[in-house]
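Here's the structure we're looking at; comments come further down.
The values are calculated or read from the model by the stated rules, or taken from the named source; none is laboratory data. Computed from a prediction, not measured in an experiment: that's the story for all the values here. Here the Cβ positions follow ideal geometry from the backbone for every residue, glycine too, while neighbour counts run over all protein chains shown.
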Amino acid sequence: MEIISDSEKIIDNDFSSRIRVFEDKNEFNILSNVLNKMLDKLNQQTAKLFKAKEIINLRRKFTEKIINEVSTGIIHLDLNNNVTIWNKKSQEIFNYEVKKNFLKKNKDISTIIKRFHANELKNNEIQLKKISNNQLKIINIKISKLIEKKKLNGLILSIDDVTELVTAQKHAAWSNVARYI
């Protein structure tokens, strides 16, 4: 009966329990020793898995922090062109939650992505003009393939709002024209 109750503990993921080894040298003792060795191995592997999970979570948090702090909007599209990852800056640029209907709301970007997939673009960087909150925005979009194990796993869009930069360049150019005149 003890073997059954100990086995039930193991079934409930209690790998610290041990199956009692009896004094006699019989098949139950051999089985108990083998099962206890298996439990030791399971405990070691479980500890390694928890440690690996902690490291993965730390790396994920680190990556998320970096992505959310950069001044460039970042969007990941999976193979079905669904937004899976985005950062705060991309939401600021587009003034809405990017995940919801991103390509439906941005037909021009959808067209560019289709052209990118069809290898019709000479350059993977495009400049677009968009109206957002009744203001003209000039954005640069760079499209990169995300390849894992030699297989396409989606696209990364890097998006920069260059409206202020372009405006400053125009003012500087007009200032130069005015000085020349």
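Among the residues of the range 125-139, the one identified as at pLDDT 85 or above and of a type in the set (S, T, N, Q) is Gln127. Please verify whether Asn106 is within 30 Å of Lys137 (Cα to Cα) and over 19 Å from the mean Cα position of the chain (by Cα), treating the condition exactly as stated. Here the answer is yes, as Asn106 does meet what is asked. Restricting the search to the range 110-148, which residues are surrounded by 12 or more Cβ atoms within 10 Å (Cβ to Cβ), basic (Lys, Arg) and under 27 Å from Thr167 (Cα atoms)? Lys130, Lys137, Lys142 - these are the residues of the range 110-148 that are surrounded by 12 or more Cβ atoms within 10 Å (Cβ to Cβ), basic (Lys, Arg) and under 27 Å from Thr167 (Cα atoms). Considering the range 81-109, the residues that are surrounded by fewer than 20 Cβ atoms within 10 Å (Cβ to Cβ) and among the hydroxyl-bearing types (Ser, Thr, Tyr) include one that is nearest to Ile131 (Cα to Cα), namely Tyr96.
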